[in-house]
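First up is the structure itself, then whatever we jot down about it.
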Amino acid sequence: TVQGSSAMYTGQTGQSLYVLVDGKVCDCDIVVDCKVGDPIALEVKLTNWSKHSVGPFALTVIPYQDYQNGVHNYELHDAITFVGSNTFYIDSVKPTKNSVCFGALLFLYTGDFYLNIKFHEDNSSRELPLSWFCLPSVHIRAMEPVIQTKL
């Protein structure tokens, strides 16, 4: 479901995940357009609605292209770069509290790209909600920048 200005995925255990790319709503049904060569802000906000803390864990953003024939290309080192890391480490998220991860992407070529968000938990941590492991991909369309001409 979409609430306000961000996409929200809510699992059975009550944890929520909001994803914004360049300040725009993101989920599998909404395509976010961006310009090649411009840094694009990425924000992932987790809300823990359970009665116990979760963590420690890591969140990794993995870009890919979908060739629409069942093939996904994850070898995008020449097409996308992260400003900083694509992995965020989170100690814990207390009940009813949030954890927000900020990053940035830079698209070097035009095309349709997707972002998978994967979670990795520490074996000693409390179990993360299963719904966080089944998130839909975020769809981003990188387009050529509009060149302004003087009249």
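Stretched out straight at 0.36 nm per residue, the stretch from Val100 to Ile30 would grow longer than its current Cα-Cα span by 23.1 nm. Solvent-accessible surface of protein heavy atoms, probed at 1.4 angstrom with all chains present, puts Thr81, Thr47, Thr87, Thr96 in the order Thr96, Thr81, Thr87, Thr47, largest first. Accessible area per residue (1.4 Å probe, heavy atoms of protein chains only) ranks Tyr114, Tyr109, Tyr64, Tyr89 as Tyr89, Tyr109, Tyr114, Tyr64, with the largest value leading. Applying 1/(1 + (r/R0)^6) with r as the Cβ-Cβ distance of Ser50 and Thr87 and R0 = 30 angstrom yields a FRET efficiency of 0.80. His77 sits with roughly 140 Å² accessible to a 1.4 Å probe, with DNA, RNA and ligands left out of the calculation. Listed by chain and number, the lysines whose C-alpha is less than 25 Å from the C-alpha of Lys45, apart from same-chain residues fewer than 8 away, are Lys24, Lys35, Lys94, Lys97, Lys118.
The values are calculated or read from the model by the stated rules, or taken from the named source; none is laboratory data. Fair warning: this is a prediction, and the values are worked out from it, not measured in the lab. Cβ sites come from the backbone with ideal geometry, for glycine too, and all protein chains shown count toward neighbours. Calculation scope for accessible area: heavy atoms of the full protein, side chains included, ligands and nucleic acids excluded. Shrake-Rupley method; radii C 1.70, N 1.55, O 1.52, S 1.80 Å.
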